[in-house]
Amino acid sequence: MKRFLIVAAALLMLSCSCREGMESELPRPSATPSERGKESRVAATVTGIISGNDGERVQLKVSRIVDGDTFEGHIVTSGGGRTAAPQSGVGGWWSQQMAVTVIRINGIDAPERGQFFGDVAKAHLHWLVSGKTVVLKLKQRDQYGRWIATAYADGMDVGAEMLKEGLAWHYEQYDNSVVYAQLEAEAKRAGCGLWCDERAVPPWEWRKMSKYERDTYR
């Protein structure tokens, strides 16, 4: 009798194990209407954050500095502290939203790579924002797909800091900030940064020059 009970218990355990294995292989039921609605709301929230249409400032974790006025990173939260990460089930949609976002600082134009003070400007921007979560006030996308934005790090206006140190020009063609114009003028009078060189050429002119013309400034 004892042997019979042991065999019966073993068969019962084996049956339970097989049932669990079969259930794990069965296709999961599709999401309920409420779950699908939740996923849609999450998608709409993050799409609004990235497009700048939700009326809030955006937070971005900086991962790379491109040059003195451009950096890259990933959108992490909205300005109100709402987490942008979606719940499970969003899948491929979220992978697309996690793509690197390129930010071009609004209102300034820093020296280009190879231009006088270009490396210094890049290094200073690295010191200001690299690895930090910055707050962005998005303006629009440019022709290269970059977001034009005013950036704030540790409560400081990053564009203003670059102008104050004489490491960028005020981009008056696309920005009419009186504060930025004043900061540029003060840095120029003090001979800060690139303003120590009387031959300093604005980046928008440098980009139009031939290699021969640029070599005369090196």
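Laboratory data are not the source of any read-out in this text; all were calculated from the coordinates shown. As the structure is a computational prediction, the values presented were derived from the model and not from experiment. Positions of Cβ are generated from backbone atoms using ideal geometry, with glycine treated the same way; all protein chains shown enter the neighbour counts.
Taking R0 as 22 Å, what's the FRET efficiency between Arg113 and Ser210 from their Cβ-Cβ distance, rounded to 0.05? Please list the in-between numbers first.
Values: r = 17 Å, r/R0 = 0.76.
The calculated FRET efficiency here is 0.85.
The gain in end-to-end length when the Glu186 to Gln143 segment is fully stretched comes to 12.3 nm, 0.36 nm per residue minus the alpha carbon separation. Alpha-carbon geometry of the range 149-206: the Rg and the Dmax are 11.4, 34 Å, given in that order.
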